[in-house]
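Remarks on the structure that follows.
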Amino acid sequence: MLEKGTSRRVAFGTIDSYLIWKLSGGVSHKTDVTNASRTMLFNIEEQKWDEDLLNLFEIPRSMLPEVCDNVFDFGTTSVLGGEVSIGGVAGDQQAALIGQCCVKPGEVKSTYGTGCFLILNTGAERLHSQSKLLTTVAYRVNGKITYALEGSIFVAGSAIQWLRDEMEFFSEASDTEKLAMQASDESNVLVIPALTGLGAPYWTQAQGALFLG
């Protein structure tokens, strides 16, 4: 595949670049800085594809999409019946950060869904966490970069599905509220829902789910 990539017949990208490619009719091969930062091939300090990593993994630069600001002309699509501009792209958690208007340093959002993801806006400063949080890109607008710290918990809401379908503790997800209200403060039951390992700050796949108490 890499040989084909060298001759520009293979393109690589994350899901956003695939959607942009399809929506634009195969015209635009672009991505945004937040999605690029999650490929492990992008230098978030220099804000460009890391040549050392590309050489290490023998990945041709020609395969990779153009990295753009989050607000940018990513192309146009006609899938809705007329020409519509694709004017903004962002990764899921970064989009949630923007959606919650956390645009000032120190502002933070926490998203609770299948997993739980916390992102702290650190502004122009690229901080290194002593608690093993991820240093990442929050967004880039008009060439101005904003960084963030992120903590990821892989299993949160999906633990309810596991307790219902696999453990058969209850029949409906809504039953959890009643069970929680009935629980005693003295029960001291601890659940570690590490169904896919542990995220921040442990970052290990070796840990499994536990019921303690």
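The values are calculated or read from the model by the stated rules, or taken from the named source; none is laboratory data. Source: prediction; values computed, not measured. FYI the Cβ positions are ideal-geometry reconstructions off the backbone, even for glycines, and counts take in every protein chain you see.
Given the criteria crowded, with 16+ Cβ neighbours inside 10 Å, of a type in the set (Asp, Glu) and under 20 Å from the mean Cα position of the chain (by Cα), does ASP92 qualify?
no
Residues in segment 104-117 that are touching a residue at least 40 places away in the same chain (Cβ under 8 Å) and either hydrophobic (A, V, I, L, M, F, W, C) or surrounded by 12 or more Cβ atoms within 10 Å (Cβ to Cβ) (or both): 3 in all.
Pairs meeting the criteria (first residue in segment 32-48 and without any contact (Cβ under 8 Å) to a residue 12 or more places away in the chain, second residue among the aliphatic types (A, V, I, L, M), beta carbons under 6 Å, at least 6 apart or on different chains) are lacking. Here segment 130-178 is the region considered, the condition is being under 21 Å from the mean Cα position of the chain (by Cα) and basic (Lys, Arg), and the residue that is surrounded by the fewest Cβ atoms within 10 Å (Cβ to Cβ) is LYS144. Whenever a residue of segment 158-184 is farther than 20 Å from GLY197 by Cα, its partners that are at pLDDT below 90 and in a helix (DSSP H, G or I), lying with C-beta atoms within less than 9 angstrom and at least six residues away or across chains, give the pairs PHE169/LEU179; PHE170/LEU179. Every condition in (1) surrounded by fewer than 16 Cβ atoms within 10 Å (Cβ to Cβ); (2) within 14 Å of the chain's Cα centre (by Cα) holds for GLU66 except the one numbered (2). Looking across segment 179-213, the residues that are exposed (fewer than 14 other Cβ atoms within 10 Å of the Cβ) and either closer than 20 Å to PHE117 by Cα or among the β-branched types (Val, Ile, Thr) (or both) come down to VAL189, VAL191, PRO201, TYR202, TRP203, THR204, GLN205, GLN207, GLY208. In this structure, GLU46 qualifies as of a type in the set (Asp, Glu), at pLDDT 95 or above, exposed (fewer than 15 other Cβ atoms within 10 Å of the Cβ) and more than 18 Å from the chain's Cα centre (by Cα). Here ASN121 does not fit the description of being more than 15 Å from SER37 (Cα to Cα) and out of contact with any strand residue (DSSP E or B) (no Cβ under 7 Å at 6 or more places or on another chain). The strands (runs of 3 or more DSSP E) located wholly in segment 103-213 that include 2 or more residues which are more than 30 Å from GLY88 (Cβ to Cβ) occupy 190-192, 210-212.
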